[in-house]
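J.: Below is a structure I'd like to ask you about.
The values are calculated or read from the model by the stated rules, or taken from the named source; none is laboratory data. Everything quoted here is computed from the prediction, not taken from an experiment. Cβ atoms come from the backbone with ideal geometry, glycine included; neighbour counts cover every protein chain shown.
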Amino acid sequence: MKNNLLSRPAVLVCLLLFSQLMDSCQSSRSASSSKMLRFNYENGKGYDYEMEMLFEQKILETPVKIGMNTYYSLDVEADDGTVKTLAARYERFRMDMDVVGMKLNVDTEKPEDTAGVAGDKLAMLGRVFRAVRGKSFTMKVDAEGKVLEVKGFREMTESIVSSLGLDPEKEKETREKLKQQFGQQFNDQKVREQFERFFYIFPAKEVKVGDSWEKSSQASGLYSGNLHSTYTVVEIEGDMVTLEEKTRITSENENGDIPGEQTGTLIVDSRNGLVVKAGLQLNMTIAGSIPVNIKTRIRGKAR
């Protein structure tokens, strides 16, 4: 019995020391390991993304919600060693809108249902969005993830509006309005900005835990202005690198007001620069006093 009593604390101390040693080794390994972090999609390979955005605000105390899910397939068609050319395709589009009593529900995987649509104009807009499925465009992207060029949206707009069967002469005004409405959401600039939120994040060099770098870009639309982003490596586990993002949005007016900020985390596969998972939260104020919240979720996978 005496030996057992003496051995118990000794065993506990050994286990404690072993645990601390393992933790120390693990921390040391995590802190000292480094990974090359760049946009490095492999030529000839394919990648799929789902982007989910939830927009929320209030208009005269009435809640406004717009949810959009976009599914893309991306294929690397060319790589000159500096710039990669991607063929992008809309695989699925889903939109749920509830704005002051006007509702629109679109899902390209489901049959058209206009029962919940308020008004012919929204119904037509829903048909336009459905027509997006299967349409493609191209992008050129460098090693830092900067989208240098986007092409194909002008042709896409013409193709979609023509597919609706509107008379070119009798319904010319309707055709032009639809082009306008479509172009507000789907255009070269919008898509460039959308993809740069998870493409243009790379330092194109070796990084380790604790390293930080900055990126600056511009945005148009609801939160037009300059985006000042800081990315920090918070964890490296195998090939996966977890980044923390902090972004300030400064308006382009003379006062340089700060309408909002975006924070979140991104998990990146260091082998190819694929954003496997991301969660971002944007909080801002528009028109001086109207709070707006936008949540973005991104999921990516290689094919």
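J.: In this structure, is residue 139 touching a residue at least 40 places away in the same chain (Cβ under 8 Å) and either surrounded by 18 or more Cβ atoms within 10 Å (Cβ to Cβ) or within 28 Å of residue 47 (Cβ to Cβ) (or both)? Please lay out each step first, then the result.
T.: On the way: touching a residue at least 40 places away in the same chain (Cβ under 8 Å): yes; either surrounded by 18 or more Cβ atoms within 10 Å (Cβ to Cβ) or within 28 Å of residue 47 (Cβ to Cβ) (or both): yes.
Yes; evaluated as a whole, the condition is true for this residue.
J.: Within segment 195-230, restricting attention to residues that are within 15 Å of the chain's Cα centre (by Cα) and modelled with pLDDT of 95 or more, which residue is surrounded by the fewest Cβ atoms within 10 Å (Cβ to Cβ)?
T.: 229
J.: Looking at (1) closer than 23 Å to residue 270 by Cα; (2) of a type in the set (Ser, Thr, Tyr); (3) surrounded by 15 or more Cβ atoms within 10 Å (Cβ to Cβ), can you tell me which one residue 157 breaks?
T.: (1)
J.: Can you tell me how many residues within segment 36-56 are touching a helix residue (DSSP H, G or I) at 6+ places or on another chain (Cβ under 9 Å) and basic (Lys, Arg)?
T.: 0
J.: So, one more: Pick from segment 106-133 the residues that are within 12 Å of residue 182 (Cβ to Cβ) and among the β-branched types (Val, Ile, Thr): which of them is modelled with the highest pLDDT?
T.: So the residue we want is 132.
J.: Confirm whether residue 144 is charged (D, E, K, R), surrounded by 15 or more Cβ atoms within 10 Å (Cβ to Cβ) and either outside any helix (DSSP H, G or I) or modelled with pLDDT under 95 (or both). Before you say what the answer is, go through the steps one by one.
T.: On the way: charged (D, E, K, R): yes; surrounded by 15 or more Cβ atoms within 10 Å (Cβ to Cβ): yes; either outside any helix (DSSP H, G or I) or modelled with pLDDT under 95 (or both): yes.
When the stated conditions are applied, residue 144 passes them.
J.: Taking segment 83-105 as the region of interest, how many residues are modelled with pLDDT under 90 and either of a type in the set (Lys, Arg) or surrounded by fewer than 16 Cβ atoms within 10 Å (Cβ to Cβ) (or both)?
T.: Number of matching residues: 4.
J.: I would also like to ask the following. Cβ-Cβ under 6 Å, sequence separation 6+ or interchain: first residue in segment 66-78 and under 29 Å from residue 55 (Cα atoms), partner acidic (Asp, Glu). Which pairs?
T.: 67/96; 69/52; 71/50; 71/91; 73/48; 73/91
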